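Take a look at the structure set out below.
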Amino acid sequence: MSLRFYGIIIAILLFSVNSFAQKTYQKEYYDSGQLKEEGWVLDNKKVDYWKFYFENGNLKQEGSYKKGQKIKYWYFYTENALIDKEGHFKKGIKEDWWLFYDENGIVNYKCQLENNQKNGYCLVYKEEEIIKASKFKEGRKIKEWTSLSSFKKENNIFDLR
């Protein structure tokens, strides 16, 4: 048999091995030995559910990946283990409604995001009541209401979905 034949056989075998790549669970650690991140990898890209940790061991963020890009709903925490923000990713980009929390873990504002920037409404809360609303287009504020009643006069509450 010729060298060309053996070359073709080797190429087919290498392609076959790569075609059946295995999903593996990966953990990475800080120099201190504390867990830094953990999750699934396929074809050298993060997939499925991942968790990331601060060096003190507290959860930093958690959410899903697809082909190395953040997708679906993610949660982010402070170093003191309080919720900081949460929201949607589509193909690695912040989209839809995001909630942002104060230092006590209480929502202090919600914003609609598109392409990683404010686009739509942002609602500001104080003591769990809406005190102000703004409308953004491509990251720039285009309108602001200083009370819920003034907001309701000019807007359909269903726009907040």
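Quick notes on this one:
- In the stretch 109-123, residue nearest to the chain's Cα centre (by Cα) [restricted to those that are modelled with pLDDT of 95 or more and surrounded by fewer than 17 Cβ atoms within 10 Å (Cβ to Cβ)]: 116
- Some residue of the stretch 124-145 being part of a helix (DSSP H, G or I) and touching a residue at least 12 places away in the same chain (Cβ under 8 Å): no
Residue-by-condition table, conditions (1) at pLDDT 95 or above; (2) loosely packed, with under 15 Cβ neighbours inside 10 Å; (3) touching an Asp or Glu at 6+ places or on another chain (Cβ under 9 Å); (4) under 27 Å from residue 130 (Cα atoms):
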{"position": "21", "(1), (2), (3), (4)": "no, yes, yes, no"}
{"position": "34", "(1), (2), (3), (4)": "yes, yes, yes, no"}
{"position": "49", "(1), (2), (3), (4)": "yes, yes, yes, no"}
{"position": "107", "(1), (2), (3), (4)": "yes, no, yes, yes"}
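- From the list 70, 60, the one residue that fits, being farther than 24 Å from residue 114 by Cβ, crowded, with 17+ Cβ neighbours inside 10 Å and either touching a residue at least 40 places away in the same chain (Cβ under 8 Å) or basic (Lys, Arg) (or both), is 60.
- A single entry from 156, 80 fulfils the requirement of being of a type in the set (S, T, N, Q), exposed (fewer than 13 other Cβ atoms within 10 Å of the Cβ), out of contact with any Pro (no Cβ under 9 Å at 6 or more places or on another chain) and touching a residue at least 12 places away in the same chain (Cβ under 8 Å): 80.
The values are calculated or read from the model by the stated rules, or taken from the named source; none is laboratory data. A quick note: this is a predicted structure, and the numbers were derived from the prediction, not measured. Cβ sites come from the backbone with ideal geometry, for glycine too, and all protein chains shown count toward neighbours.
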